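Please read the structure below before turning to the comments.
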Amino acid sequence: MKRMWLLPLVALALYGADISGQWTGSVEITDPGSGEKIATPVKAQFTQKDSEVTGTIGREQDAEAQAIRAGKLDGKNLVFEVQPPEATSAIKFTLVLASDDRIEGAMEGAVDVGKISGKVVLTRVK
(Lines give C-alpha, C1' and ligand atoms only; values in the text may rest on other atoms or scores of the structure.)
Protein backbone atom coordinates (compact mmCIF):
# COMPACT_ATOMS: atom_id res chain seq x y z
CA MET A 1 0.00 0.00 0.00
CA LYS A 2 2.84 2.40 0.78
CA ARG A 3 4.10 2.15 -2.80
CA MET A 4 0.74 3.09 -4.36
CA TRP A 5 1.56 6.82 -4.10
CA LEU A 6 4.62 6.24 -6.31
CA LEU A 7 2.56 5.12 -9.30
CA PRO A 8 1.28 8.59 -10.31
CA LEU A 9 4.77 10.08 -9.89
CA VAL A 10 6.35 7.41 -12.08
CA ALA A 11 3.67 7.89 -14.74
CA LEU A 12 4.25 11.66 -14.72
CA ALA A 13 8.02 11.24 -15.01
CA LEU A 14 7.64 8.86 -17.95
CA TYR A 15 5.17 11.11 -19.70
CA GLY A 16 7.08 14.38 -19.48
CA ALA A 17 6.35 17.96 -18.58
CA ASP A 18 3.13 19.89 -19.08
CA ILE A 19 3.65 22.97 -21.24
CA SER A 20 0.16 24.38 -20.67
CA GLY A 21 0.18 28.10 -19.96
CA GLN A 22 1.49 31.40 -21.28
CA TRP A 23 4.91 31.77 -22.89
CA THR A 24 6.78 34.77 -24.29
CA GLY A 25 9.98 35.08 -26.25
CA SER A 26 11.30 35.84 -29.69
CA VAL A 27 11.62 34.52 -33.21
CA GLU A 28 14.75 35.61 -35.07
CA ILE A 29 14.61 35.22 -38.86
CA THR A 30 16.82 36.24 -41.72
CA ASP A 31 14.88 38.47 -44.14
CA PRO A 32 14.91 36.64 -47.51
CA GLY A 33 14.97 39.95 -49.40
CA SER A 34 17.71 41.85 -47.57
CA GLY A 35 19.53 39.15 -45.61
CA GLU A 36 19.05 41.25 -42.46
CA LYS A 37 18.32 39.44 -39.16
CA ILE A 38 14.99 40.44 -37.63
CA ALA A 39 14.01 39.57 -34.04
CA THR A 40 10.29 39.66 -33.32
CA PRO A 41 8.82 39.41 -29.80
CA VAL A 42 6.16 36.69 -29.64
CA LYS A 43 3.60 35.34 -27.22
CA ALA A 44 2.13 31.85 -27.06
CA GLN A 45 -0.66 30.14 -25.17
CA PHE A 46 -0.39 26.35 -25.01
CA THR A 47 -2.94 23.83 -23.77
CA GLN A 48 -1.67 20.28 -23.45
CA LYS A 49 -3.81 17.17 -23.07
CA ASP A 50 -1.75 13.98 -23.12
CA SER A 51 0.60 14.50 -26.10
CA GLU A 52 -1.77 16.82 -28.01
CA VAL A 53 -0.98 20.54 -27.89
CA THR A 54 -3.39 23.27 -28.94
CA GLY A 55 -3.33 27.01 -28.48
CA THR A 56 -2.09 30.12 -30.24
CA ILE A 57 1.14 31.89 -31.12
CA GLY A 58 1.74 35.32 -32.60
CA ARG A 59 3.59 38.61 -32.47
CA GLU A 60 3.45 40.26 -29.07
CA GLN A 61 1.95 43.50 -30.43
CA ASP A 62 -0.84 41.79 -32.44
CA ALA A 63 -4.31 41.63 -30.89
CA GLU A 64 -4.96 38.20 -32.38
CA ALA A 65 -2.58 35.25 -32.50
CA GLN A 66 -2.67 32.34 -34.95
CA ALA A 67 -4.17 28.96 -34.00
CA ILE A 68 -1.75 26.09 -33.60
CA ARG A 69 -2.42 23.08 -35.84
CA ALA A 70 -1.13 19.50 -35.52
CA GLY A 71 0.53 20.22 -32.18
CA LYS A 72 2.25 17.32 -30.49
CA LEU A 73 4.64 16.95 -27.56
CA ASP A 74 6.65 13.73 -27.76
CA GLY A 75 8.93 13.55 -24.74
CA LYS A 76 10.76 16.89 -24.95
CA ASN A 77 10.07 17.44 -28.67
CA LEU A 78 7.30 19.89 -29.56
CA VAL A 79 6.07 20.24 -33.15
CA PHE A 80 3.22 22.31 -34.55
CA GLU A 81 2.33 24.59 -37.44
CA VAL A 82 0.45 27.83 -37.97
CA GLN A 83 -0.92 29.52 -41.08
CA PRO A 84 -0.57 33.30 -40.73
CA PRO A 85 -2.18 35.42 -43.46
CA GLU A 86 1.19 36.71 -44.72
CA ALA A 87 2.60 33.20 -45.27
CA THR A 88 2.24 31.31 -48.55
CA SER A 89 2.54 27.96 -46.75
CA ALA A 90 2.22 26.73 -43.18
CA ILE A 91 4.97 27.83 -40.81
CA LYS A 92 6.36 24.70 -39.12
CA PHE A 93 7.86 24.81 -35.64
CA THR A 94 10.29 22.12 -34.41
CA LEU A 95 11.09 22.87 -30.79
CA VAL A 96 12.65 21.22 -27.75
CA LEU A 97 11.66 21.64 -24.11
CA ALA A 98 15.10 22.68 -22.79
CA SER A 99 13.77 22.99 -19.22
CA ASP A 100 10.39 23.36 -17.50
CA ASP A 101 10.54 27.09 -18.25
CA ARG A 102 12.30 27.24 -21.64
CA ILE A 103 11.43 26.04 -25.13
CA GLU A 104 13.79 26.57 -28.06
CA GLY A 105 14.27 25.43 -31.61
CA ALA A 106 13.51 26.41 -35.18
CA MET A 107 10.71 27.47 -37.49
CA GLU A 108 10.48 27.44 -41.27
CA GLY A 109 7.98 28.35 -43.94
CA ALA A 110 7.47 30.66 -46.88
CA VAL A 111 6.22 34.18 -47.55
CA ASP A 112 5.71 35.99 -50.85
CA VAL A 113 9.42 36.92 -51.14
CA GLY A 114 10.72 33.40 -50.46
CA LYS A 115 11.49 30.83 -47.82
CA ILE A 116 12.06 31.88 -44.23
CA SER A 117 13.61 30.11 -41.30
CA GLY A 118 14.46 31.23 -37.83
CA LYS A 119 15.45 30.54 -34.27
CA VAL A 120 12.70 30.38 -31.61
CA VAL A 121 13.16 30.91 -27.85
CA LEU A 122 10.21 30.92 -25.44
CA THR A 123 10.10 31.22 -21.64
CA ARG A 124 7.15 30.41 -19.42
CA VAL A 125 5.25 33.36 -17.91
CA LYS A 126 4.95 32.83 -14.16
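The values are calculated or read from the model by the stated rules, or taken from the named source; none is laboratory data. This one's a predicted model, so the numbers in the text were calculated from it and none came from an experiment. Note that we place each Cβ from the backbone using ideal geometry, even for glycine, and neighbour counts take in every protein chain shown.
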Revision key, fill the gap. Of the residues in the range 72-95 that are outside any loop (DSSP other than H, G, I, E, B) and acidic (Asp, Glu), the one that is surrounded by the fewest Cβ atoms within 10 Å (Cβ to Cβ) is Asp74
Review point. If we keep just the residues of the range 52-74 that are small (Gly, Ala, Ser) and at pLDDT below 95, which is nearest to the chain's Cα centre (by Cα)?
Key: Gly58
**Study point:** Criterion: among the acidic types (Asp, Glu) and farther than 20 Å from Gly21 by Cα - qualifying residue of Glu64, Glu104, Glu108, Glu60
**Key:** Glu108
Check your understanding: Across the range 33-44, which residue is surrounded by the most Cβ atoms within 10 Å (Cβ to Cβ) among those that are of a type in the set (Gly, Ala, Ser) and in contact with a Ser or Thr (Cβ under 8 Å, 6 or more places away or on another chain)?
Key -> Ala44
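Quick grid of which residues meet (1) in contact with a Leu (Cβ under 7 Å, 6 or more places away or on another chain); (2) surrounded by 16 or more Cβ atoms within 10 Å (Cβ to Cβ); (3) not in a strand (DSSP E or B):
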{"position": "Asp18", "(1), (2), (3)": "no, no, yes"}
{"position": "Phe46", "(1), (2), (3)": "no, yes, no"}
{"position": "Asp62", "(1), (2), (3)": "no, no, yes"}
{"position": "Ala98", "(1), (2), (3)": "no, no, no"}
{"position": "Gly109", "(1), (2), (3)": "no, yes, no"}
{"position": "Lys115", "(1), (2), (3)": "no, no, no"}
{"position": "Lys126", "(1), (2), (3)": "no, no, yes"}
